[in-house]
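Beneath this line is the structure, given in structure tokens, with notes to follow.
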Amino acid sequence: MDLAPGADVEAILRDEIVREARAMAAVVPVLRHLLSSEAKALVSDAVLARVGGMIQDLAAQLIAVCDGHDPGIRAHTRPDSDAIDQLAERLMADEDLLGFCHALAAEGLIADRLFQRHAIDPVLSPLLQELIASEDSATAALAMQSLAAQSRFMQRQRRMELPLGELPAELFHRLLSVACRDMPDAAAFSRMQASYDEGASRLGLLARLAGGMRRGVVAALALDHAGLALFASALALSTRSSREGAVLACHEGQSARLALLLRATDVSPAAIERQILIVEPSGRLPRGLAELTAEQAATLLAGSGFV
């Protein structure tokens, strides 16, 4: 029996994700130029403020490292406002960094909104409580570390801070190289590189926690049970897509992307609709989604550039 959806269904879904992709593609230019017509809903004043604050904080830490200070001690990281502004301006030219900071800002704000609307705790979700209580000591310890990291993340988002050690490896080393152009303190930067451990970052801990669940990771594909942080990591792992994309799929106006990501993991249409309504009360299940197999959903996502 041919399970392929009709051409009209594929066309409808393709149009939906193309529209969402167009809006998402406008985000980074908005962050740089502070204007755009298609991404205004995705880049609020709160997002802009948080992204700008995180970039400034990264610049301050890099300068502190060069001066021989511990970048984690914020009292040392405001040495020269002009130097910070100049370095921050150079960092803002990095589209990958802007995209990463945008996803973090969006994650913090979406988590706050989910708490206000649905009482979904942004730090301690029901699933994380279960993992902390696991009889497997390694799983329980990793869950506790993830809890602490998530608590710090939410606090730092409100302060518009982003520790260097929370960057992905590629961005971490790239930023050090950018800063080293004018601040050639080889010993300081060598120490910083030696102390970096991506697996100990919040995103590293969440990825390890989701990966350790193996087939049980399906339990993390429910926002109200897993919480946004673990949900996004589990969804990215299950679909082999970027975590940033999984987070932004939980933004209002991105229901087609969220639906296809979940369908690609073989989540039922009824369960997908429940997740969409949590994210966007006025949202709806994309037409024709129930006719798609997991493989077909993955193919549509790949064709859209979402994964």
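Please give, to one decimal in nm, the separation of the simple spin-label points placed at residue 270 and residue 197, each 7 Å out from Cα toward the Cβ.
Computed distance between label sites residue 270 and residue 197 equals 4.5 nm.
Which length gain, in nm to one decimal place, applies between residue 144 and residue 219 when the Cα-Cα distance is subtracted from 0.36 nm times their residue separation?
Numbers: separation 75, 0.36 × 75 = 27.00 nm, distance 1.81 nm.
Result for the pair: 25.2 nm of gain on full extension.
Kindly state, to the nearest 0.05, the FRET efficiency for residue 49 paired with residue 170, given R0 = 22 Å and r defined as their beta-carbon distance.
0.30
Taking 0.36 nm per residue of separation and subtracting the Cα-Cα distance, what length does fully extending residue 252 through residue 19 add?
Here the segment from residue 252 to residue 19 would lengthen by 82.5 nm.
Taken together, the values in this text are just the output of simple stated rules run on the coordinates, not laboratory data. Here the structure is a predicted model, which is why all the values come from computation and not from measurement. Neighbour counts are summed over all protein chains in view; Cβ atoms, including those assigned to glycine, are modelled from backbone coordinates with ideal geometry.
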